[in-house]
C-alpha cells in the first residue's frame, strides 16, 4: 500500500523532472535565483567588509562589481568570500582599484577577470564536489556520529551510529557552460548496541566507488559505480550464536539529479539504482530515491548558523517498493572553515533498515547526530 509519505515523495520527484525538462537559462526560476544570490553577496560585503556596492549585479550565477565600489577593500579577499557562496558560478570585479594587501604590488587579478570559485576550479585535485551532499540520505559517505533510540524494535534500543568517509574529486574540467568531474567516494557505516556491557559492534557496511559528477548553474548530477559489503561484529556474533549471517555483497550503479532554487534555499533530488553481481542472488536489483532539502534564508544570507531540514525517501524492489523515510532537521554551522560545514540534526527514520545485514528488518528510530562535510 502506498503511504502518504510515498505519494508526497513521488510528487516531489515528478516536480523535479518537469523542472529539469522545462527550465532553460534566463527563465523566471533563474532570475529569482540570481536575485537571491545578489542579496546574499550584498549581505556578505556588508557583514565581512563593512561596505556596499551599488554596481553589484548577478547574471547566470556570476556576480559582477565595479572595483571603485570596493573603496580600497582587498579584491582577493572579496573574491574569496563571494566565491564561497553556494550556487555562485564566478566573480567578476571590473576596472582598476586597490586590490592587493598593504605592502603588496602584485598577485591581484587583472581588471574584468572572472574567477571561478574553488568548488568549480578545473584541473587535477581541484577540491570540493559539484554534487552537494544529500543531508538526509542514510548512506551518504561523510563523517558523522549519532545517537539513535530505536522504537518498536525488539532486538535494539539505544544505538550509536558512526560513519567515516568522503567524496574526493580527482579531475575536473569545463563542459560547455558547465563543469564535469570524476573522483572517488568511500565510506564505512557502523552501529553499536549501547545496551550491552561493551557497547558491541553490531554491523559495519563498507562502500567504495568511482563517481562522475556534473553541474551547470542550479542543475547537478552524480553517477556512481560502487561496491558494498556488509559484516557483523565479532561481539555480536558471540552473544548471538543463533544469529544467521547474511553474506550481503554486491556491485551497483546509480544516478541522482538535483535542482536548486533561490541559491541553495530549496533543493529537489531524484534518482535510481541497479545492483548486480549480488549475494544473495535472490536480492532484487532496482531502487528509486527522492529528496527535498530546505536551507532557511533567515536570520540572513551572511549568517554563519542556518536552520536546515531535509527528507529522503527511498523505494526498493526488494521491499515491494515500500517507502523508507529519513527526516532530518536542525542547524548548519558554515563558513568558519571555508566550504566545510558542521550540522547538528534531529533525525527520524522509518522503514527497512539501511544496515546491510538487517536489510529485511523494519525499524523505527529517533535520534540526534553531528555531521561534518568537507
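The values are calculated or read from the model by the stated rules, or taken from the named source; none is laboratory data. No experiment lies behind these values; they were computed from the predicted model shown. Note that each Cβ is placed from the backbone with ideal geometry, even for glycine, and that neighbours are counted across all protein chains shown.
Spot the failing condition for residue 277; the list is (1) assigned to a strand (DSSP E or B); (2) surrounded by 15 or more Cβ atoms within 10 Å (Cβ to Cβ), and only one is missed.
Result: residue 277 fails condition (2) only.
Quick one: in segment 237-265, of everything that is farther than 28 Å from residue 284 by Cα and surrounded by 17 or more Cβ atoms within 10 Å (Cβ to Cβ), which residue is farthest from the chain's Cα centre (by Cα)?
Per the criteria, the residue is 262.
Would you point out the residue of segment 79-94, among those that are in contact (Cβ under 8 Å) with a residue 24 or more places away in the chain and assigned to a helix (DSSP H, G or I), that is nearest to residue 36 (Cα to Cα)?
My answer is 82.
For every residue, the table says whether it meets (1) over 16 Å from residue 188 (Cβ atoms); (2) buried (at least 18 other Cβ atoms within 10 Å of the Cβ); (3) under 17 Å from the mean Cα position of the chain (by Cα).
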site	(1), (2), (3)
198	yes, no, no
202	no, yes, no
212	yes, no, yes
222	yes, yes, yes
225	yes, no, no
235	yes, no, no
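Mind telling me which of the residues 62, 91 ends up being at pLDDT 75 or above, buried (at least 20 other Cβ atoms within 10 Å of the Cβ) and on the phi < 0 side of the Ramachandran plot?
Among 62, 91, only 91 is at pLDDT 75 or above, buried (at least 20 other Cβ atoms within 10 Å of the Cβ) and on the phi < 0 side of the Ramachandran plot.
Check residue 306 against each of (1) surrounded by fewer than 16 Cβ atoms within 10 Å (Cβ to Cβ); (2) within 30 Å of residue 50 (Cβ to Cβ) and name the one condition it does not meet.
It fails just one condition, (1).
Pick out the one residue from 367, 291, 351 that is part of a strand (DSSP E or B) and at positive phi.
351
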